[in-house]
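This report concerns only the one structure given below.
Values quoted throughout were computed directly from the atomic coordinates according to the rules given, and no laboratory measurement underlies them. Small disclaimer: the values here were computed from a predicted structure and weren't measured. Cβ placement follows ideal geometry from the backbone for every residue including glycine, while neighbour counts extend to all protein chains displayed.
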Amino acid sequence: TPGLESAAMPTVGGDAVVESGSNSDGRWLRYSSGEQFCFSREYVIGGDIAQASAYGGYAGFVRGVQFPAPFASAPLDVNVTVLDAPLSAGFLRDLATATEFDVVVRATSSINSGDFGYGYTAYGQWK
């Protein structure tokens with residue numbers, strides 16, 4: 001929570017957690033070292049994955065994802081995980097910016113109006 005004394009905040013590996021929170025875009029943790037983690041899960045109802053992919057299978061569900069708290073610059077790592085079968089992968093389509101990234105979800109076969117979920121964890125610097 002912003003404004004709290006860092007001495008009163010929990011520590012992880014000696015670095016104090018100086019801010020944490022959540023909003024409709026997900027959750028975040030900020031450490032005194034300048035590191036930040038953002039994470040979220042999303043469930044999609046009625047998504048289509050119908051475009052043939054150059055990587056094999058089908059792609060077509062693309063969504064811009066906002067980080068719940070901005071990084072100082074593009075995060076060092078964004079890891080996307082698909083939560084449901086029959087989906088085979090989730091990956092970044094474009095390089096992430098300090099505030100957002102695009103996720104593309106792939107399937108081994110075409111899906112029309114399917115329900116599925118994905119989650120992500122992003123790591124970088126907030127200061």
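Things worth noting here:
- Amide H contacts under 5 Å for residue 98, placed H, 5+ residues apart: 74
- Take each peptide in 18-27, 66-75, 116-125, count the other Cβ atoms within 10 Å of every residue, and average; sorted highest first, the result is 116-125, 66-75, 18-27.
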